[in-house]
Structure formats: C-alpha cells, structure tokens
1. Could you give log10 I(q)/I(0) at q = 0.17, 0.28 Å⁻¹ for the stretch 183-256, computed by the Debye formula over C-alpha point scatterers of equal weight, without solvent?
2. Restricting to Cα atoms and excluding each atom paired with itself, what does the Kirkwood estimate give for the stretch 10-166 in Å?
3. Each label point is 7 Å from the Cα along the Cα-to-Cβ direction; what then is the distance between the points at ASN44 and ASP24, in nm?
4. How big is the stretch 334-401 on each of its three principal axes, counting only the C-alpha atoms and giving the largest first in Å?
5. Any idea what % of Cα-Cα pairs in the stretch 239-304 are farther than 15 Å?
6. So if R0 is 30 Å, what FRET efficiency would ASN611 and LYS432 give, r being the distance between their Cβ atoms, rounded to the nearest 0.05?
7. The stretch 132-169 to the stretch 21-44: how many Å between their Cα centroids?
8. Can you give me the Cα centroid spacing of the stretch 465-543 and the stretch 234-283 in angstrom?
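Only the coordinates and a few stated rules stand behind these numbers; no lab work does. No experiment lies behind these values; they were computed from the predicted model shown. Using ideal geometry, Cβ is built from the backbone for each residue, glycine included, and neighbour counts are taken over all protein chains shown.
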Amino acid sequence: MLTFKLNANDLKYEQSPYLLQHGDNPVNWMAWNDNTFKEALKQNKLIFLSIGYSTCHWCHVMEEESFEDDTVAKVLNENYISIKVDREEMPQIDSHYQYIYQIMNGRGGGWPLTIIMTPDKKVFYSATYIVKENLIGILKDLNVTFKTNNNKILRVTSQIENILKSNTYKPTKNIDLKLNTVIDLFTSNLKENYDKEYGGFSVAPKFPQATTLQSMLELYQINNDKSLLDMSLYTLKAMARGGIYDQIEGGFYRYSVNRKWEIPHFEKMLYTQAELLEVYSKAYLITKDNFFRNIVDEIVQVVNKRFVKENLLFSASDADSLNFEHKKEEGFYFIFNYKSVYEFLKNKKYNKKEIYDILNYFNITSEDDIAYNIGNPYITSEKPPKNIVKIKKDLLELRGYKKYPFMDKKIQTSWNALYIKSLFISSKIDKKYGQLAINFLDTLIDNMYVKNVLYHQKLFDRTLKVKAVFEDYAFLISALIEAYEFNFDTKYIELAAKLTDETIKKFDRNGAWYLSDDEFNSPAKIYDSAYASSLSTMIKNLFKLSLLVDNRKFYDKATVLIKEQSIKIQNNPTFVSTAFSAFVGSKKEYKLLKSTKDNLLANREKIEQLNYPYLVVKAVKEKQYLACTINRCFSIDKDIDKVLKRIVE
C-alpha cells in the first residue's frame, strides 16, 4: 500500500523519478500541464518554474537548502504557482527555457534551471542554482514588483518575446560552403582551443566533447591530417587516465571540474557511456592500440553491471551517495580515504611497498591533501602495479562497504538507442557486442514501439505515458541503420524508413524542425550539447537511408537542411560537429556498397577496415560488387578489392 507524507504535493502522482524525489517537499509543486497554467491565471500568481533531473548534484543541493525549507515553501506557496519539470522527460521544455536563459544572461545555463514567469507564461527572470538566502529575497522582491510595478515586468517580457519572435524559423540566406574552407576552419578552431598539456578543448569545467572527437577521427580517415589524430588520441588517453574515468570499475563521469581531468562531477550518464564507447571503439579501430580496446571493454562491462535490466538500459547513476552519517555527499561512494585503503590492503596481505605503489599509482593521497584531491583515483604512471586486475577487484570490494548511488531506472528510448548504436560500432572489435546490441534493440522496440506508437520513456511495471520526441526518432533510426548493416535483416531498415516518414510528418513543419509535435514549439537546432544534436543526427540518417532504401526525397531533404544551416556550419564548425560531419560526408559523397548478403558477410572484415566513414552497405541479389552514390554507380566487379579501392579514391 502506498503511503505519503503529510506534506506530499501533486508530484506524488507522477512517474518521473525526478518529480517523485520532490513529492514530499513542503512546496506545493505542480506538474507541467494545462490545469496548472489555468490555476496560475485564475489566482493571478507568478509562476516559479524549476527544471532539473534526478541525478543532478546541484538540483539536490537546492532541494535540501530551499525546497525542503518551510520558510521558502511558505513564500512560494503564498505567492507563486510552483512547477517542477524533469528535463529528461520533457527535453523540449528544457531546451526552450535554456535558450531564454542564454538570451537574458549572455551565456549557457545548466541545472537546476530557475525561471519566473507571469501568469500567462511570459518569462522575466532566469537563473540556475540560487542559495536559500538569496532565493527568499528574490521571490519576495519580484512578487512585490508584480503587484506594484507590473509595467517594469512587462517591459522585460516584451523584449524577450520580441527576440524569440525574431528567431522563429524563416528561410535564411544560404552560402556556398567550400569543403576545404570549412575543414580548415574546423581544424584551426580546434588547434586554437586545444589544451596541449592536458588534452581537451577548454579550461574548466571540461567536458568529453565526444561528437567533436568523433568528427576529428572521421576527418583523419579521409585526409590523413595527423594533427587531428594526435590531438584526439592524446585527449582520449588523458581522459581515460584521469579522474573523469572511474579507474576502479570503469565508465566515465559526466565532466571534470578542473583542467587536468582529475576531479569529476560524479554522475554517470548512459549517453556519456554511449558516445564515448563509439569514440574509443573508433580510436582502437584506427590505431589497434589495446589501451583503447580495454576502455571499450570496461565501458561495456560497467554498463552491463549497473545499467541493464531485462535487456533495457537505465538512464543514469547519481552524483551523490549516502555517507556513513546517512547524509548525501557528492562522490562519496567513489572516493577513497588514504588510511582506510592502507589498512584494507594491509589486511589483504599486500606488503608495504605494494601498498605505497598502489596508492601512488591511483594518486590516493594522505589526508593532508584530501581537501584538494578528494581521494578520487586517477593514474599517475604509464606502468601499472603488478596484478592490477586483482588490485582493482580488491578496491571495488572496499567500495562495497558503501552504498551505491541512486540509479535513475527510467528507460529512455533516445539514450538506449544511442548506446545500442555504439555497441554496433564496437562489434567491429568483438562480434559479441553486435549480438548484445541486437538483443537490446529488439527489446527496446518491443517495449517502446507499441501499436505503431513510439514512446519516450517508461518505468518498469508502469504504463507507457510519454510519447516520443524528436531525439527518440533520430537516435533510434540511427541504431536501426547500424543493426541492418550488422546482419542485413530487412526488418530493421524497413522500420527505419517507416520511422523516418513519421519523423518528417511530425517534426518538420514547412522546413522548420521542432523537438516535439505537441503545442510547445521548441525549435530543433544543429548545435551539439550534452550529446549529439537530434537534427544533425537526422541529417546523417537521411543521407544514409536515401541510399539504403533508394529514396531520393530523403537525400534532397538532407541537402536542403545542410544548405539552410550553412552559415552556422561555416561560422561555428566545432560547435556543430555532427552537422559538420554530415556536411563533409555530403561533399565527399555518401557511398553505397552492395552485393549478396553472403558476399558482404564473408568480406565484412575488409569492409570494416576501409578508411571511409561515409559508406553504407546493402544486401541485394546482385552477385558482383557495386559501388554507388545517389546519382550513379561508379564501380562494378567480382573482385571486392577493386571496388573498395574505387570507393576511397
């Protein structure tokens, strides 16, 4: 039987793990829906909108400081209609208000996102995390202004509305993008921002930027620019040796708070594992360096261990975990105390030298330094201690005395598809990963594509509620294309084509693409953010499918999208890495290799070793090998080597 605390609010009726976390707050939270906004108009109250997600550290901090506080709750409940939104459940809403934050503050936002609006949803204040004392003052001051000087608020809302209207979709002047010019800009921008000492392309905070690294490796494959390869490989090794990588169990945290990759923000997101799994797989395929192969294997192992249930994948593990005083502490599960490790290893019969070697290798420092290093392991030497596998197993046992962080167990179609697609890339290293991807994909389709309706999220033992948004379609189509090329089962490419038709119908409104097909008009953009842009991913899907299903309309639509985004691609190629990749592919030409299924499977290794990232492969009845573009077939031969040679010319 379900029981609720005395001060439970409307969020107790929701399915989102993030909203349920706030269901017992004294704040009278309401969900995002029409009834909530009708109530705001009826009571003529300002709207306090808070957007976050379940594994967000600073969201937890703001909850503990403010939303569990009776004083803050009293101010909000008396003067505001308070709304909580899970940015993972409703990414289109988050994207819209993040954009408004950027307009108002001249920089990118983050989470928690704090928005204050008029009763008719006009924004006039935006912030991210706010300390309790400041929040109370802000809430009181803005409410007084609303009651006594509403014209001041209306002036702000009018300015923002005008900017939003000016940025609505309209055909833009296209420029003729020159391949070499854009590649030179992409490369020079990277070199200008490259951290030669520690790798990466920023100072702090430092994100993995997987889509940028992916595009760098692709570009190296076609133009042999060794500087791109060197920068990407150095960065990948620096991250994998750093504190942003879980040295004991495997898997990447979301980002590093310092330049050296030492101190992470301890969330493990499924999308982070997905995109980096693909990049490290491609790094291995290019270099055959087992360092990258080991990271690939470790990512898969930790995802299998922590994220998988019944062939579906959870969304994330929390940055915070309970300490020994049962209070939330960021990274507590993952960090180590010097004395505890020393005594534990001593009891495990390691000798003194072995213990010091282990502590030094993982940079587990004395307590005098723990305030800076926080006991988070990172690698300090090229040469690991002997028996490193056993050492990691023992240190994992020591961790086991602490409680593992909260797992967000919602199943999200887009992130599952991202990971599945990357597993297919990893299958070029080990075929078992391809079969694992097939198992995951079939289960995802069975659970999330029900009666010809695709859904965005689900929780186990709960009914499907949230229908799919643009990113679900884009990433699932991408995974289906990879599945078809893995085993040439036509059901995957047929579903990919069907979903592509649905995608165009739902999200393409006379040339303007949107993140959802509801009343909320949040434009899809080509800029990559926490993960690849859904619009840019869809452009690549359209190019590939045009060849695989012989649909010229898909190719033409992708070409139009590239043209419409040409100014953004030229001005900021490193910020639109996925779109940049699609553009390069369109200029170098997406190419199709086709022959019988048996021929293609027999020569899979040769095909996979081809250094051409814009190739798709299709099984047909023709026993010879054919290579084609959208406009022509340019090679046909019984000898696959001759055809492959023509493809890379």
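1. Computed log10 I(q)/I(0) values: -0.62, -1.38.
2. Evaluated over the stretch 10-166, this radius sits at 15.6 Å.
3. 3.8 nm
4. 29, 29, 20
5. On the way: 1019 of 2145 pairs.
When all Cα pairs of the stretch 239-304 are counted, 48 percent exceed 15 Å.
6. Efficiency for this residue pair is about 0.75.
7. Centre-to-centre distance over Cα atoms comes out at 19 Å.
8. 27 Å
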